[in-house]
Amino acid sequence: MEKNRRKKDDAGVMTKTLAGVAALTFLVSFICSSYDITFSHVISTIDVILEESEYYRSTKEWMASSIDATWHEVSIPSRKAEHLQAINPEVDVAAGGKHVFTPEQLHFFDGSRDSKPCYLAILGRVYDVDGKKEYYGPGKSYHHFAGRDATRAFTTGDFTENGLVASTHGLSHDELLSIRDWVSFYDKEYPLVGVVADLYYDSDGQPTAELTDVLARVEKANEYRKAQAVEIEVFPPCNSEYNQNGGRVWCSTKSGGVERQWAGVPRKLIEQTTKKFRCACVKNFGPGVSGAKEVKTSSNRGDLDHPDLELFPDCSPTSNSCKIVS
């Protein structure tokens, strides 16, 4: 009985809360558009006013406890770059009944013939996916991969004839790593039955120079991902808010999703190749954490002297919040 009563009470609070949220959303939108002020400022002001209401306080506590309970059930992925096991380019076609297919031969294994199983290839490696014809068979979601090496489409999502090709030329770091993840997936889930003699393997089943080049680019992409993860820890992204007139960026001990003991100050972090920048929170006291040679550990300036950093215009060097003018 007590459990049922509590459920009814929670349902009642939820109904009232949703109605209140709808009304509050309309009110906030009206105020923001009429008086040209930010959403967060209006919300914080209304919150202070409504704190006088006992119902508001109890509802707020109930929502916070519900959100907290849900939060602890969610697994937050780590920011650390995972170690990607290198692809072994060698496939022993002489062992285990593996074969070297020509592209024309592989085409006959597209799942449309009862006499032949369904195969697909990625990076020249041929896998038997016949056990999952509900995915790869004719008319199914992934049939466009069957009977060919469509490496590029695994990461681009371009399923036109121009996109369903083996070439990886021009792919980004993230796209190359996505292909590596797909190879890992097929290695674990499906039998490797051979290679296709085309871009990545020759007629003897030996890796080509093209495959060697692709794997080197994958490794470079993995190193880039690791460097990015380290950079995020050293220079966490800023908090930000924007409206039609600009906005502001600021730092806190949790900005960018990186919890730390220091908040830091906002700076432009310049990517030297493209000259693009993002807002980064920079440690501004004690020894630096970036390891850059320009940062002296004895200066008590944190990482402020890092060469890739710039001040935001018209922002105090010591302020933890900077206005952005659009």
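Read the figures in this text as sums done on the coordinates, not as results from a lab. Everything numeric in this text was worked out from a predicted model, so none of it was measured. As a convention, Cβ positions derive from the backbone with ideal geometry for all residues, glycine included, and neighbour counts pool all protein chains shown.
Can you list the residues, at least 5 places off or on another chain, whose amide H is less than 5 Å from the amide H of PHE312, using H built in the peptide plane? Sorted by chain and number, the residues that satisfy this are LYS268.
Measure up LYS188/LYS220; LYS226/LYS275; LYS296/LYS323; LYS132/LYS220; LYS188/LYS254 against 26 Å on the Cα-Cα distance and list the ones that go over.
Values: LYS188/LYS220 24 Å; LYS226/LYS275 21 Å; LYS296/LYS323 29 Å; LYS132/LYS220 33 Å; LYS188/LYS254 38 Å.
Checking Cα-Cα distances, LYS296/LYS323; LYS132/LYS220; LYS188/LYS254 exceed 26 Å.
Counting only other residues whose beta carbon sits under 10 Å from that of THR253, what net charge do I get with K and R as +1, D and E as -1? Result for the neighbourhood of THR253: +1. Within the shell defined by Cβ-Cβ distances under 11 Å, the residues around PRO287 carry a net charge of +2, with Lys and Arg each +1 and Asp and Glu each -1. Our coupling estimate for region 249-254, obtained by passing each phi through the Karplus curve with A = 6.51, B = -1.76, C = 1.60 and θ = phi - 60°, is 10, 8, 10, 9, 6, 10 Hz, Gly and Pro reported as x.
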